[in-house]
Structure formats: structure tokens, C-alpha cells
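A quick write-up on the structure given underneath.
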Amino acid sequence: MSNDGTLLASVSASAVLVHNLALSSHTQLKGLPSPDANPVTCCLFHQHSRTRLLLGIGRDIFAYDATRPGSPLKTVRIPGGGDIVGVTASPFSKTLVAAATSNGGVALVDLDKDNGYVTS
């Protein structure tokens, strides 16, 4: 659910739908990888931006503008062996997010940086 309660994302392994509760409409995100290789494992609306949707897919974080579902704004690859199992946004920054991986790692990502990856 977006921070203002107007958008709701519903996720399956192969698709992400964004429901606009104010307009009673929905759109499907485009540009996702094949669900056979990498299913969507987590999603989160960023608390500082009602339309920024973050998805964990395989070893990548996809950042979408939920009002422009054509392709992700940014994709950040998390190095290491584990797939992303959780994503959270910093309450103090509009660009910092953390991703937890299946091998027990945590990666810090700055969505404003060119490659995005900061440290793990």
C-alpha cells in the first residue's frame, strides 16, 4: 500500500499489478524478467514517494514509478550469491534502501548512484 493509501500493489511470482484505489483501475508492470528464472519475491512502496515501487527479483532491485508501468526507472544488481528476500527503505533518506539476501547478507543501495550498490 502506498503511503497515502491510494495505490495497492499485488504480486505473484510472474506479475505485478498496481491498483489505483481512488480511480478503481489497475495496470500491470512491464519489463519484468521471466518468472521461470526469477520470480518476484518482495515489493514495497517507498515511504517518501507514493509512486515509487521497489521489487526484489532474483539478485536485482527494480525501482518503478507505479504511474509509468512501461519499464523500471532503475535496476540494481546485488553482488554475492543470495537472492533478495526482503527490501526496506530508509526512513531518513529518499534514496537509500536495504536488501536482505537468502545467504544472510544485507546490502545498502543508493538509488541516486550510477550503479546503485553501496555496500554489503
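Values in this text are rule-based calculations from the coordinates and carry no lab data. For clarity, every value in this text was computed on a predicted model and none was experimentally measured. Cβ: placed from backbone, ideal geometry, glycine included. Neighbour counts: every protein chain shown.
The table that follows gives values for the structure above.
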read-out: Residue count, segment 60-102 (criterion: within 12 Å of the chain's Cα centre (by Cα), under 13 Å from residue 42 (Cα atoms) and hydroxyl-bearing (Ser, Thr, Tyr)); value: 1
read-out: Matching strands (runs of 3 or more DSSP E) fully within segment 24-77 where at least 1 residues are touching a Cys at 6+ places or on another chain (Cβ under 8 Å), among the aliphatic types (A, V, I, L, M) and touching a residue at least 12 places away in the same chain (Cβ under 8 Å); value: 52-57
